[in-house]
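Asks: If you scroll down you'll find the structure; I have some questions about it.
Read-outs throughout are calculated quantities, based only on the coordinates presented, and are distinct from any laboratory measurement. The structure presented is a predicted model; accordingly, all values stated were derived computationally and were not measured. Here Cβ is always computed from backbone atoms with ideal geometry, including for glycine, and neighbour counts include all displayed protein chains.
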Amino acid sequence: MRVVLLGTGTSYPDSNRVQSGILVETENTRVLLDIGSGVLHRLTQLQFDIRLLDAVFISHFHIDHCADFLPLCQSLWLSGYDRTLKLFAPPSVREWSRGVNDIAFTYLREKVLIETTLLQERHVVPLGDLSIATSPTLHGNYDTRAFRVEHGGKMLTYSSDTAPCRDIIELAEGTDILIHECNWLDGVHPEGMHTSPSELARIAEEIDPSKIVLTHVSPEIVENKDKVIEIVSRRTNAEVILGEDLMILEL
């Protein structure tokens, strides 16, 4: 299983990071986990043939996790995509789809066939040679999903946006690589929205993966990279790294 971090940033402008997105590839299956602004450009830089894409999973409908879905659809249409694109997302996809398809961009409705599946809080999706399981996250009052991807006995868990969350810890049990958000430095912040380095250290201690990759990192996290990694590493023997756009992980 090959995993490419397409976007590791936030909504804050960053010349080196676009918004959230991960490409997961096997020999037979190719899926996107989130598709924020800039992800389509990263796929182009990767020289990825978008006509091979099987599915898109959207964790929630904050713009930095879904903004490039419509540009992707237009690019698929212009590229001659002749398959049905599978879209998996929380139930709020129904209202979102009505807004973008029936009001804003009606000309795209018939250009690409899309099959939408509503992801319940705990959902297991068999897709080709992948198994993708979900759990809810703690992100304000937003209906958000984390994803666990399994292939060939290996496991990857992607938190999406979340504060420390028992559901994700349970979802990630036995995971090899944990890709977890680290949105802000330790300090006083709104509760129940995002994760700080010290909070992530406690999460890492419970999950005990082989590798932890920090994503959804703000400019202040990047500026304090060494200190952040040191804090997250305090309670775990896992390798802790700061995710970078176009970083490749092999499982």
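Asks: Using the beta-carbon distance between residue 44 and residue 226 and R0 = 25 Å, what value does 1/(1 + (r/R0)^6) give for FRET efficiency, to the nearest 0.05?
Replies: 0.20
Asks: Pull up the DSSP beta bridges for the chain and report the antiparallel fraction as a percent, rounded to 5.
Replies: Here the share of antiparallel DSSP bridges comes out near 55 percent.
Asks: Further, regarding this structure: Roughly how many whole Å is it from the C-alpha centroid of region 131-159 to that of region 1-50?
Replies: Answer, in whole Å: 17.
Asks: Binning at 5 Å from 0, report for the chain what percent of all alpha-carbon pair distances ends up in each bin.
Replies: Cα pair-distance distribution for the chain, in percent: 1, 6, 15, 19, 21, 17, 11, 6, 3, 1, 0.
Asks: Per DSSP H run of at least 4 residues, take -39500 (n - 2.57); add these up for the chain, divide by its residues and hand me the 222 nm value, nearest 500 deg cm²/dmol.
Replies: Mean residue ellipticity, 222 nm, calculated: -5500 deg cm²/dmol.
Asks: Of the DSSP beta bridges with both residues in region 125-242, give the percent that are antiparallel, rounding to the nearest 5.
Replies: The antiparallel proportion sits near 55 percent.
Asks: Further question: Evaluate 2.2 N^0.38 Å with N set to the residue count of region 4-133, then give the Cα radius of gyration divided by it.
Replies: The value comes to 1.00.
Asks: Suppose a student asked you for the relative contact order of the chain, using Cα pairs under 8 Å spaced at least 6 residues apart; what percent would you report?
Replies: Reported relative contact order: 18 percent.
Asks: Which distance in nm do the two modelled labels at residue 124 and residue 211 give, with both placed 7 Å along the Cα-to-Cβ direction?
Replies: My value for the distance between the label points is 2.6 nm.
Asks: Mind listing which GluC sites (Glu not before Pro) in region 130-183 are in a DSSP loop and have 14 or fewer other Cβ atoms within 10 Å?
Replies: In loop regions of region 130-183 (DSSP not H, G, I, E or B), the sparsely surrounded GluC sites (Glu not before Pro) are 173.
Asks: Then there is this: Taking a cut-off of 14 Å between Cα atoms, list the aspartates and glutamates near residue 154, but don't count ones fewer than 8 places away on the same chain.
Replies: Answer for residue 154, where 14 Å is the Cα cut-off: 25, 129, 173, 176, 250, listed by chain and number.
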